[in-house]
Amino acid sequence: MSLLTVNNLNLQFDTDEGRITAVENVSFEINTGEVLGLVGESGSGKSVTAKSLMQLNPSNAVYSPESSIKLKLETEEVDVLSLKSSSELVIVRGGAVSMIFQEPMASFAPAITIGSHMVEQLLIHTSLTKKAAAELSIEMLERVGINEAGKRFHQYAFELSGGMRQRAMIAMALSTKPKLLIADEPTTALDVTIQAQVLDLMKDLVAEFGMGILFITHDLGVIAQVADRVAVMYLGRVVESGPVRDVLRSPVHPYTQGLLNALPKLDALDQPLTPVEGDIPSPLERPSGCVFHTRCPQILADHCQNSVPSATIVSKKHTAACFAIETDKEAA
Amino acid sequence: MTETPLIKIEKLQVEFPLGRTLFGKPLKLRAVNNVSLEIMSGQFFGLVGESGSGKTTLGRAILRAAPLSSGKINFDDGDVRYDVGSISKSDLKNYRKLAQLIFQDPYAALSPRMTVRDIIAEPLEVMGLTKTREETDKLVREIAAKCRLNLEHLRRFPHAFSGGQRQRISIARTLVCSPDFVVADESVAALDVSIQADILNLLKSLQKELGLTYLFISHDLSVVAHICDHVAVMYLGTLVESAPTSDLFTNPRHPYTRALLSAIPSLNPDDRGHAQKLEGEIPSPANPPSGCTFHTRCPMAKDICRTEIPQWRKLNDKHSVSCHFSEDLPKT
């Protein structure tokens, strides 16, 4: 069984304007030592999916009864959504599951040193003494490539550069030796040269620590560089998923194809950019049937608007949810 | 594109005060250092660099929104000529009509309390360009149609719109007073990929239709490669290379340009880890390195780089670079 199994995750938010669907029927698995890339535009539900794994969504979040998130540890299997009290939740909030956020400046408290952050969480999640925790923290800071780790340990987040803050964030997330690491747009706020350094570091760390990673990003280039498998999300649904080579080289869902065509490519400078027509619908006006039908170039008349396509197997491990593929298959 | 420069910058320096030293000597941060460049009329001129490289400050200096410490900026559109550094108050009013800015974040740039019509009309009213409300409305409707905004939407407030629509409103506001020159500062950075391509295509078609000259500031090299005719690369306040786009991307002559190009994550999953990695991070502009400012990170730095500032020199008619060893760089 996989390290993490998410099955039929349905998540809605109660708001003043009514109940908004954020995630609909999302299922995926992550194995130990594997990087799953979750890609999608803003509003696609990738961050709330990740936060569900730690139950970090706000209190107006409503999970449907059939949703299940199972985490397999050495001794036990944890049903994440059934955890209630904060003492039970410790296991997925920093214990077996850690998270790296997009904006490291916003994730460190400004009036607490980097070192205190790191020691505090080690004291919560491990049985280390304060002294041992401090030593381990400094060791981790060195491991992620921070110079003068002993000095940085006593500094505040504002004294570090953006790249260094993100390294410190990674060091902190990994010091508890999590089984699963959630990285939510970890390089989006960084410059390309620093991004390349951080991605390299993360690849090294997977090899060394052997954990599973859920890597969330909107950047398909980053996905190509780090992920083993990829799931493409649009408006709360996974529209296509499979091994990274298959999905990026021969995408079958019109949305994935559209995303790749809209991307400026360095080896094809003369090609015009083709935007995906239309705008992302507001969550309050969620399209019926296939959520992508309002922007889809391959829309099938009176089919796509009415019913929801299920995941069709394109090839081994490569699936996509689209009626156009189903009919192609039948014709073939 | 004609071969006369619309904007001509010579040895521009922009400094910001940083307080004083212990002995009362004023400290300065040199955000733009000794920059000379020409933007031809009708050109789509790209300016790239990491955060802290001074690209935004340079764009603002041209618009007279940042203080000039020394050097010259000349604006010449064939009808009027301005020396932007010593422009008079009445001339500045006219210059503001001719040189405009599109902001990065379409969510922060539009007042939530004004209707779209009022937002687009505001520049006309402030600058007193129209006499009657009918005249204003006519111009607003014309530019809104050119920016592909639905005229029905003019009565609504910005909160009703998605990121891409907001950026189109923002562009309409910039162009309503029919400027010659537009600084687009990271104008697609806040947008999703599928929308980004749409805005880039819009900027390009508006350029043809209205005869605009752009300074397109971006950190995203693949976007710049697609849309710009000519690209300049900045590092720590200085220009390191400037060349026609195809030339710069196929034959970069500065180690920093090369590092930037190779740091772009490739979309090919089998092309991992071939990047020529840059060590370290961009130094603080308050305390720049001696000699060539890039020598602390440059893979080919020699002794001369630490002591002598490289000259800004022409390799050919359109390709300029500031590196001691441009000719000795290995072939790409």
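The values are calculated or read from the model by the stated rules, or taken from the named source; none is laboratory data. This structure is a prediction, so every number in the text was calculated from the model and none was measured. Note that we place each Cβ from the backbone using ideal geometry, even for glycine, and neighbour counts take in every protein chain shown.
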For segment B:4-106, which fully contained strands (runs of 3 or more DSSP E) count at least 2 residues that are in contact with a Gly (Cβ under 9 Å, 6 or more places away or on another chain), crowded, with 17+ Cβ neighbours inside 10 Å and assigned by TED's automatic domain parsing to the domain that holds B:Arg168? B:5-20, B:26-40, B:70-76
Which number in (1) buried (at least 19 other Cβ atoms within 10 Å of the Cβ); (2) in contact with a strand residue (DSSP E or B) (Cβ under 7 Å, 6 or more places away or on another chain) marks the one condition that A:Ala311 misses? (1)
Select, from B:Asn268, B:Asn251, the only residue that is in contact with a Ser or Thr (Cβ under 8 Å, 6 or more places away or on another chain) and farther than 19 Å from B:Val35 by Cβ. B:Asn251
Does A:Glu34 qualify as being under 26 Å from A:Gly258 (Cα atoms) and either surrounded by 16 or more Cβ atoms within 10 Å (Cβ to Cβ) or under 17 Å from the mean Cα position of the chain (by Cα) (or both)? no
Please specify each residue of segment A:77-87 satisfying the condition of being within 20 Å of A:Ile213 (Cα to Cα) and exposed (fewer than 12 other Cβ atoms within 10 Å of the Cβ). A:Glu77, A:Asp79
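Residue-wise test of (1) in contact with a helix residue (DSSP H, G or I) (Cβ under 6 Å, 6 or more places away or on another chain); (2) hydrophobic (A, V, I, L, M, F, W, C); (3) under 20 Å from A:Gly145 (Cβ atoms).
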position: B:Asp271; (1), (2), (3): no, no, no
position: B:Pro289; (1), (2), (3): no, no, no
position: B:Cys292; (1), (2), (3): yes, yes, no
position: B:Arg297; (1), (2), (3): no, no, yes
position: B:Leu315; (1), (2), (3): no, yes, no
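For residues in segment B:166-195 being part of a helix (DSSP H, G or I) and at pLDDT below 90, which is nearest to the other protein chains (Cβ to nearest Cβ)? Please lay out each step first, then the result.
To start, the set of residues in segment B:166-195 that are part of a helix (DSSP H, G or I) comprises B:166-175, B:193-195.
Still in the running and at pLDDT below 90: B:193-195.
Details: B:Val193: 5, B:Ser194: 4, B:Ile195: 7 Å.
Checked segment B:166-195; the qualifying residue nearest to the other protein chains (Cβ to nearest Cβ) is B:Ser194.
Tell me the residue from B:Ala190, B:Ala184 that is farther than 20 Å from A:Asp270 by Cα, over 15 Å from the mean Cα position of the chain (by Cα) and among the hydrophobic types (A, V, I, L, M, F, W, C), please.
Working: B:Ala184 fails: over 15 Å from the mean Cα position of the chain (by Cα).
Just one listed residue meets the conditions, B:Ala190.
Can you say whether B:Leu139 is modelled with pLDDT of 90 or more, of a type in the set (A, V, I, L, M, F, W, C), assigned to a helix (DSSP H, G or I) and more than 23 Å from A:Ser42 (Cβ to Cβ), as far as the supplied structure shows?
Working: modelled with pLDDT of 90 or more: yes; of a type in the set (A, V, I, L, M, F, W, C): yes; assigned to a helix (DSSP H, G or I): yes; more than 23 Å from A:Ser42 (Cβ to Cβ): yes.
So B:Leu139 fits the description; yes.
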Within segment A:182-189, identify whether any single residue is over 24 Å from A:Glu120 (Cβ atoms) and without any contact (Cβ under 8 Å) to a residue 60 or more places away in the chain, and answer yes or no. yes
B:Val224 - would you say it is out of contact with any helix residue (DSSP H, G or I) (no Cβ under 7 Å at 6 or more places or on another chain) and closer than 30 Å to A:Lys203 by Cα? yes
What are the residues in segment B:281-307 that are more than 22 Å from B:Ala232 (Cα to Cα) and within 25 Å of the chain's Cα centre (by Cα), if any? B:Ala286, B:Asn287
Out of B:Leu203, B:Leu239, sole residue that is over 20 Å from B:Leu12 (Cα atoms) and under 16 Å from the mean Cα position of the chain (by Cα): B:Leu203
Could you grab me the full set of residues in segment B:248-287 that are part of a helix (DSSP H, G or I) and surrounded by fewer than 18 Cβ atoms within 10 Å (Cβ to Cβ)? B:Thr250
For A:Gly258, state whether it is small (Gly, Ala, Ser), closer than 19 Å to A:Gly45 by Cα, in contact with a Lys or Arg (Cβ under 8 Å, 6 or more places away or on another chain) and modelled with pLDDT of 95 or more. no
Just to be sure I understand, how many residues within segment A:7-35 are assigned to a strand (DSSP E or B) and within 14 Å of another protein chain (Cβ to nearest Cβ)? 1
Qualifying position, being in contact with a helix residue (DSSP H, G or I) (Cβ under 8 Å, 6 or more places away or on another chain) and modelled with pLDDT of 95 or more, among A:Val226, A:Val222, A:Val232, A:Val276: A:Val232
Check every one of the helices (runs of 4 or more DSSP H) wholly within segment A:42-154 and list those with 2 or more residues that are under 25 Å from the mean Cα position of the chain (by Cα) and without any contact (Cβ under 8 Å) to a residue 12 or more places away in the chain. A:86-89
Kindly check whether there is at least one residue in segment B:309-319 that is closer than 30 Å to B:Gln207 by Cα, among the basic types (Lys, Arg) and either within 9 Å of chain A (Cβ to nearest Cβ) or surrounded by fewer than 18 Cβ atoms within 10 Å (Cβ to Cβ) (or both). yes
Please name all residue pairs, on different chains or six or more residues apart, with Cβ atoms under 9 Å, provided the first residue is in segment B:152-164 and is over 16 Å from A:Gly278 (Cβ atoms) and the second residue is assigned to a loop (DSSP other than H, G, I, E, B) and of a type in the set (D, E, K, R). B:Phe157/B:Arg113
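Within segment A:37-70, which residues are of a type in the set (A, V, I, L, M) and either more than 14 Å from every other protein chain (Cβ to nearest Cβ) or surrounded by fewer than 16 Cβ atoms within 10 Å (Cβ to Cβ) (or both)?
Step one: list which residues in segment A:37-70 are of a type in the set (A, V, I, L, M), which gives A:38-39, A:48, A:50, A:53-54, A:56, A:61-62, A:69.
Answer for segment A:37-70, where residues must be of a type in the set (A, V, I, L, M) and either more than 14 Å from every other protein chain (Cβ to nearest Cβ) or surrounded by fewer than 16 Cβ atoms within 10 Å (Cβ to Cβ) (or both): A:Leu38, A:Val48, A:Ala50, A:Leu53, A:Met54, A:Leu56, A:Ala61, A:Val62, A:Ile69.
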Would you please name the residue that is farthest from the other protein chains (Cβ to nearest Cβ), looking only at residues in segment B:201-229 that are crowded, with 22+ Cβ neighbours inside 10 Å and either assigned to a strand (DSSP E or B) or hydroxyl-bearing (Ser, Thr, Tyr) (or both)? B:Thr213
